[in-house]
1. Classify region B:2-79: rounded, prolate or oblate, from the alpha-carbon gyration tensor (a ≥ b ≥ c, eigenvalue square roots; a/c under 1.5 rounded; otherwise prolate if a/b is larger than b/c)?
2. First select every other residue whose beta carbon is under 13 angstrom from the beta carbon of A:Glu181; then total the charges, Lys and Arg +1, Asp and Glu -1.
3. If we count other beta carbons within 10 Å of each Cβ, what is the order of A:Met393, A:Met203, fewest first?
4. For chain A, what is the relative contact order in percent, using Cα pairs closer than 8 Å and at least 6 residues apart in sequence?
5. If you average the sequence gap of Cα pairs under 8 Å that are 6 or more apart and divide by the length of region A:58-293, what percent do you get for the contact order?
6. Dipole magnitude of region A:58-293 about its Cα centre, charges +1 at Lys/Arg Cβ and -1 at Asp/Glu Cβ only, in debye to the nearest 20?
7. Ordered by residue, what ³J(HN,Hα) values in Hz, to whole numbers, does region A:241-253 give under the Karplus form 6.51 cos²θ - 1.76 cosθ + 1.60, where θ = phi - 60° and Gly and Pro are x?
8. Using modelled backbone amide H atoms (1.01 Å from N, in-plane), which distant-in-sequence or interchain residues come within less than 5 Å of A:Leu349's amide H?
Amino acid sequence: MSILSKFDQLARTAERLGPADANPLRVTFDRIISSTEGVVNGRNTMLFGTNNYLGLTFDPDAIEASVSAVRRFGTGTTGSRVANGSYSGHRDLELDLAAFFGRKHGMVFSTGYQANLSMLSTLAGHGDYLILDSDSHASIYDGARLGHAEVIRFRHNDPADLRKRLNRIKDAPGSKLVVVEGIYSMLGDSSPLAEIAAIKREMGAYLLVDEAHSMGVLGAQGRGLAEQAGVEADVDFIVGTFSKSLGSVGGFCVSDMDGFDILRLACRPYVFTASLPPAVIASTQQSLRRLRDDASLRTRLRDNANQLYDGLRALGFHVGPQASPIVSVEVDNADLAVRFWNALLQGGLYVNLALPPATPTSKPLLRTSISAAHTPRQIDAAISLFAQVGVEMGVVSASQMRVPLVA
Amino acid sequence: MTSLSSDVRAQVVQALHVAVNRPVEIGGNTQIVQDLGLDSLAVMNLILAIEDTFDISIPLNRVAEIVTVDDLVQAVESLI
């Protein structure tokens, strides 16, 4: 027995997924060629599992902004913004984010995880209630655990269930904060936000929407699900990340709430961590400008998402409930999922493997994410490889494929 | 109180049988995860169902302290 013995079961599960060069949990990219191509095990590989929705990681202007910032401001800030001071870039990015979302206040965190950890643990205190969608991301659950509020879950994307659960606590004196996501990361489905917002208004609760996967993806201006659903005025707090559509790392929260700035002193994951380095701030500012000004990125992303979703569905794969930049294929068991994942990788296609309990059902998922930077030819190649492996492994049958004569 | 308690227990055990979905003996000392083999998804659905049966909310921090069927019955009784 050692202090690590409690992880024996987890270690055995991880080992069963295969040796190091074929283990989905241990993938290493030798090189990254572009936002859609890399080299894995010496093989050129199409990247279909990066969350790089707008393909901006190699945006020339973003790279130049980063290089310039690292020359002018150095490699790191070496400290917390509260204890060691902010750089002008932190403040400017917060102003940019607030302006983009049309909000009074913005606050930047060192990761998206810390943004949720901060807001969930701090907004709802002792005697308050956090009401979470049951499919919430780990950062939301962990934020709930770090805080002192009562935590209640409602059935995924079920407004009637949310109403029932809010009704049970309607006489309790504490504040109630409902938390949902713009796009859920495993299946790519969206929250029924107009209905959630109506319930929030009726029951006098606050609403926080995590737009991590929907910023730059949904809404005419790319402001996410709240914009698309036309309920931005009902959303008290928007949380998001820089590590998806903005191609860097970090997180944020924007809000119109009076007194918002006190959170800078109250959020422990904000106070007790080093701030983002200047190079990250600079590329994020540049990518936010690109996201704001170049609507063609969203058009291409939507077309690409539809191509992949429709293509995989026509092959007979069990995909999520709606087309989105996250397209997940459900398979029956973990052994099959690992073999399928390896066959795709050997065929030059990298996707994500998601295993229960990280998945919403007890089935594993081959999770793909699409980018505006993918070409229709790359997407066709990915669909063809899925078809070939799917037939080989008996996940789909060639006779059941509904492939149109003219694509 | 005795009749209330036995009624709660019967309904909790009934919900557990639905969750396990195979013939199994369930007693007060039965451990819900270890003995019944419920995964995290099944536990979540069990808790949501029990909340609806009794029209209560069992906060997640309370759920984390529940190991046995007796623990679950006591948690429900403290909230109704």
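Derivation of every value follows stated rules applied to the coordinates shown; laboratory data play no part. Source: prediction; values computed, not measured. So basically every Cβ, Gly included, is an ideal-geometry build from the backbone, and we count neighbours across all protein chains shown.
1. Because its axes are fairly even, with a/c under 1.5, region B:2-79 counts as rounded.
2. With Lys, Arg at +1 and Asp, Glu at -1, the neighbours total -4.
3. On the way: A:Met393 14, A:Met203 17.
Going from least to most buried by this count: A:Met393, A:Met203.
4. 21 percent
5. In percent, rounded to a whole number, it is 31.
6. In debye, rounded to 20, region A:58-293 gives about 440.
7. 9, 9, 8, 10, 5, 8, x, 10, 8, x, x, 7, 9
8. Sorted by chain and number, the residues that satisfy this are A:Met46.
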